[in-house]
Amino acid sequence: MEKLLKQADKQAKNESLFFSDSLRQIVSDFSGRSQEIIFSRYGVFNSSALTLEEIGKKYHITRERVRQVIHKCSEKSERRRMRRPF
């Protein structure tokens, strides 16, 4: 049982690193603040993701503005993905 738990923990860490690296690559063209908001929302630099409210307080903006920044970044990322050749 302990061996399985260690394997599961190792796999979870690997998946987390893959997600973090992928997200960093996706947001590399975004402004520094937008990157920080995205990373905060998805818990890239610490183990827990922040809520829109928490991010808003950190950057002195409303949670609606946080949602808009995340949405705008998501749309920009999607447009970029659609332009890539197969």
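Quick one: residue 41 ticks every box in (1) of a type in the set (D, E, K, R); (2) surrounded by 15 or more Cβ atoms within 10 Å (Cβ to Cβ); (3) out of contact with any helix residue (DSSP H, G or I) (no Cβ under 7 Å at 6 or more places or on another chain) except a single one, so which number is it?
All conditions are met except number (3).
When you go through 22, 16, 48 one by one, which is the residue that is among the polar types (S, T, N, Q) and either at pLDDT 75 or above or not in a helix (DSSP H, G or I) (or both)? Can you show your working first?
Numbers: 22 fails: either at pLDDT 75 or above or not in a helix (DSSP H, G or I) (or both); 16 fails: either at pLDDT 75 or above or not in a helix (DSSP H, G or I) (or both).
When all the criteria are applied, what remains is 48.
Check the stretch 64-71 and report whether any residue there is more than 16 Å from residue 21 (Cα to Cα) and within 11 Å of the chain's Cα centre (by Cα). Let's see the steps before the verdict.
In the first step, residues of the stretch 64-71 are kept if they are more than 16 Å from residue 21 (Cα to Cα); the result is 64-71.
Now drop any that are not within 11 Å of the chain's Cα centre (by Cα), which leaves 70.
Scanning the stretch 64-71 turns up at least one residue that is more than 16 Å from residue 21 (Cα to Cα) and within 11 Å of the chain's Cα centre (by Cα).
Restricting to the stretch 35-67, give me the number of residues that are in contact (Cβ under 8 Å) with a residue 12 or more places away in the chain and of a type in the set (A, V, I, L, M, F, W, C).
7
The values are calculated or read from the model by the stated rules, or taken from the named source; none is laboratory data. Computed from a prediction, not measured in an experiment: that's the story for all the values here. Reconstructed Cβ throughout: ideal geometry from the backbone, glycine too, with neighbour counts over all protein chains shown.
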